[in-house]
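Engineer: Take this structure first; my questions come after.
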Amino acid sequence: MRIDIITCLPRLLESPLNDSIVKRAQTKGLVEINVIDLRQYASDKHKSVDDYAYGGGAGMVMMIEPIDRCIEELKTQRTYDEIIYMSPDGERFTQPIANQLSLKRNLILLCGHYKGVDERVREHLVTREISIGDYVLSGGELAAAVVTDAVVRLIPGVLSDETSALTDSFQDNLIAPPVYTRPAEYKGWKVPDVLLSGHEQKIADWRYQQALERTQTRRPDLLEDA
Ligand code: SAH
């Protein structure tokens, strides 16, 4: 899989993509992530990627030309399954969307900044728009990092225990059950006996029951969706 992230602030993506699981996935060759500096595609000597909004008002707007040139160049090299604009008014990012994207071969994530991008980018250049939640960030970079992380960890071979992504919250519309590690007792606070029993079936039943109860109390909407 290949993910190309287009941004005018590449430094914002350095640390989230170069550590831990996402880093390891790249080292193992399971994903190739390229952060592309949009300013390389600017046409003036100041490397401008934004301009004043037509009609006036506060805030700059990202110009279509550098974005188009960048996407055009990438498209000459390979076919993209999706060209995704990160946008607060896009489709809300969820686990099913992460699952779906993890099966794709080539993705572009376009990060906006300032007041966002010229509307013609959205009308003509992108295939999909994704929001990571109902709040406004100053740029699409952190949102792109969130999507990249959620997608990359689902690629087979990325997590060392292949089943572990499947037992996370939101897979099967259930919240994950509680987990514990040593010591078995701390300040009098005990780990549930069943987890120490060594009885696989009982442990599995307990976990399922806990997941169900947690979902009922914390996210009953998930059970309605199922
Ligand atoms: N004026 C716009 C917000 C622009 S925020 C509006 O009111 O809708 C600047 C950029 O940050 C956006 O272009 C987008 O790429 C990114 N961004 C902000 N919030 C986001 C969110 N919740 N999800 C995904 N991207 C977001």
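The values are calculated or read from the model by the stated rules, or taken from the named source; none is laboratory data. The shown structure was predicted, so the numbers you read here are calculated from the model rather than taken from an experiment. When we count neighbours, we look across all protein chains shown, and the Cβ atoms used for this are built from the backbone with ideal geometry, even at glycine. We work out accessible area using only protein heavy atoms, side chains counted, and drop any ligands, DNA or RNA first. Shrake-Rupley method; radii C 1.70, N 1.55, O 1.52, S 1.80 Å.
Engineer: With all protein chains present, calculate the accessible area of Tyr85 using a 1.4 Å probe and round the result to the nearest 10 Å².
Structural biologist: 10 Å²
Engineer: Express the accessible area of the stretch 62-135 per residue in Å², computed with a 1.4 Å probe while the remaining protein chains stay in the model. Write down the numbers at each step before the final one.
Structural biologist: Details: 3720 Å² over 74 residues.
Result: 50 Å² of accessible area for each residue.
Engineer: Given the Cα-Cα distance of Ser138 and Asp51 and 0.36 nm per residue of separation, how much length would full extension add, in nm? Let's see the in-between values first.
Structural biologist: Working: separation 87, 0.36 × 87 = 31.32 nm, distance 1.67 nm.
Length gained between Ser138 and Asp51: 29.7 nm.
Engineer: Something else now. Please give the direction-averaged projected area of the C-alpha convex hull for the stretch 47-148, in square nanometres with one decimal. Working shown, then result.
Structural biologist: Working: hull surface 27.6 nm².
Average of the hull's projected areas for the stretch 47-148 equals 6.9 nm².
Engineer: While we're on this one: Which cross-chain or sequence-distant (5 or more) residues have an amide H under 5 Å from the amide H of Leu109, H modelled 1.01 Å from N in plane?
Structural biologist: The answer is Asp4, Ile5, Ile6, Ile84.
Engineer: Please find the FRET efficiency linking Thr27 to Leu166, where r is the Cβ-Cβ separation and R0 is fixed at 25 Å, and quote it to the nearest 0.05.
Structural biologist: On the way: r = 23 Å, r/R0 = 0.93.
FRET efficiency, Thr27 to Leu166: 0.60.
Engineer: Taking only complete DSSP H runs, can you tell me which helices of the chain stretch 18 Å or more along their own long axis by Cα positions and average at least -1.0 on the Kyte-Doolittle scale?
Structural biologist: Details: long enough: 64-77 (20 Å, -0.60); 200-218 (26 Å, -1.77).
Those that pass (Cα extent of 18 Å or more, hydropathy at least -1.0) are 64-77.
Engineer: Listed here are the pairs Lys23/Lys104; Lys23/Lys187; Lys28/Lys115; Lys47/Lys75; which of them are more than 27 Å apart at the Cα?
Structural biologist: Numbers: Lys23/Lys104 19 Å; Lys23/Lys187 37 Å; Lys28/Lys115 38 Å; Lys47/Lys75 22 Å.
Exceeds cut-off: Lys23/Lys187; Lys28/Lys115.
Engineer: For the residue pair Asn34 and Arg120, what label-to-label distance in nm results when each label sits 7 Å from Cα along the Cα-to-beta-carbon direction?
Structural biologist: 2.5 nm
Engineer: Looking at the stretch 1-97, what % of its DSSP beta bridges pair antiparallel, to the nearest 5? List each step's numbers first, then the result.
Structural biologist: Details: 3 of 9 bridges.
Here the share of antiparallel DSSP bridges comes out near 35 percent.
Engineer: Then there's this: Based on DSSP, what percent of beta bridges with both residues in the chain are antiparallel, to the nearest 5? Before the final figure, lay out the partial values.
Structural biologist: On the way: 6 of 27 bridges.
If I count the DSSP bridges inside the chain, around 20 percent turn out antiparallel.
Engineer: Non-local amide H neighbours of Gly90 (under 5 Å, H modeled in plane, Pro and chain starts lacking H): which ones?
Structural biologist: For Gly90, whose amide H was placed from the backbone, the distant partners under 5 Å are Ser131.
Engineer: I've got another one for you. Quote to one decimal, in nm, the extra length available between Tyr180 and Leu222 on full extension: 0.36 nm per residue of separation minus the C-alpha distance between them. All intermediate terms of the calculation are to be shown ahead of the outcome.
Structural biologist: Numbers: separation 42, 0.36 × 42 = 15.12 nm, distance 2.44 nm.
Here the answer is 12.7 nm.
Engineer: Relative to the present Cα-Cα distance, how much length would full extension add between Met60 and Ser20 at 0.36 nm per residue of separation? Could the numbers behind the result be given before it?
Structural biologist: Numbers: separation 40, 0.36 × 40 = 14.40 nm, distance 3.50 nm.
Here the answer is 10.9 nm.
Engineer: Right, next: I want to verify the translational diffusion coefficient of the chain in µm²/s; compute it with Stokes-Einstein, Rh as the Kirkwood radius over Cα pairs, at 4 °C and 1.567 mPa s. Show your work: numbers first, answer last.
Structural biologist: On the way: Rh = 20.0 Å.
Calculated translational D: 65 µm²/s.
Engineer: Now for a separate question. On the accessible surface of the chain, probed at 1.4 Å, how many percent belong to carbon and sulfur atoms? Each step should come with its number before you reach the end.
Structural biologist: Values: 6740 of 13500 Å².
The value for the chain is 50 percent carbon and sulfur by accessible area.
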